[in-house]
Amino acid sequence: MRTPAITIPTRPDSASDGSGPSGGSDGGGPSGGSGGGVPRSGRTPRRPAGATATAVCAAVVALVAGCGTDTTAGVVPEGWGTLKTPAVTVAHPPAFTPQSAGERSEYNAAAATLAAGGKDVGMITVQLDFTNADSVEEAAIGAEAGIALGSTLGKQREVEVAGPEGRTEARRIDFEFTEKGSRIKGVIVAGLDSAKKAYAVRIDAARGRLGDGDLTKIIDSITLK
């Protein structure tokens, strides 16, 4: 299966490794940022009852889903593998085989394929900083440019993915196209990573090769670093 690359020109000053600028702080910044300092009065104010528990819960949520959040967000199902990039990770079913840097397209930061009968029938790819986007909507529009002409394109839907500080807004794009006589169902989840650069996770599979349950698990596993 040949998945078209998203080839919108990147920013002239973009970092080639896909990592974002240090020091970004907008509510979804890189881990390691700390927004809570001690007041300069020299005295530590007393916290109201329950404040300590709330702070601990907020700190833990970056590691495990909790405190009333969706426990499926960012979870890797047991036995599954993981595609890791500097900005985004996504899980893949065990039947998918990750591609090495030499095997995958130069436009993909990570990729995995599903084979059957000696040919690829499914593919998961991750692209980073592929377009100059200032919003989630712009990132999704740029991702749509990688969908082949003649495809049946569905309406964009708002979704959320796991991030270092909780759930983060993204867009889901569903589409279908025909390749070498096979009908392919595709899904792209696009948005801005913690460094405010565009990313896109794309899942393509021939009809009947990837169940809706596994597709949902892949999307739920998407995690921004």
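The values are calculated or read from the model by the stated rules, or taken from the named source; none is laboratory data. Since the structure is predicted, the reported quantities are computational estimates derived from the model, not experimental observations. Note that each Cβ is placed from the backbone with ideal geometry, even for glycine, and that neighbours are counted across all protein chains shown.
Residues of the range 82-95 that are part of a strand (DSSP E or B) and buried (at least 17 other Cβ atoms within 10 Å of the Cβ): Leu83, Val88, Thr89, Val90, Ala91, His92. Of the residues making up the range 122-146, those that are under 20 Å from Glu176 (Cα atoms) and either surrounded by fewer than 19 Cβ atoms within 10 Å (Cβ to Cβ) or of a type in the set (Asp, Glu) (or both) number 3.
Let's see how each residue does on (1) charged (D, E, K, R); (2) more than 16 Å from the chain's Cα centre (by Cα):
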{"position": "Ser135", "(1), (2)": "no, no"}
{"position": "Ala140", "(1), (2)": "no, no"}
{"position": "Leu149", "(1), (2)": "no, yes"}
{"position": "Val159", "(1), (2)": "no, no"}
{"position": "Arg183", "(1), (2)": "yes, yes"}
{"position": "Gly191", "(1), (2)": "no, no"}
{"position": "Arg207", "(1), (2)": "yes, yes"}
{"position": "Ser221", "(1), (2)": "no, no"}
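The requirement of being over 24 Å from Val76 (Cα atoms) and modelled with pLDDT of 95 or more is fulfilled nowhere in the range 208-223; no residue meets it.
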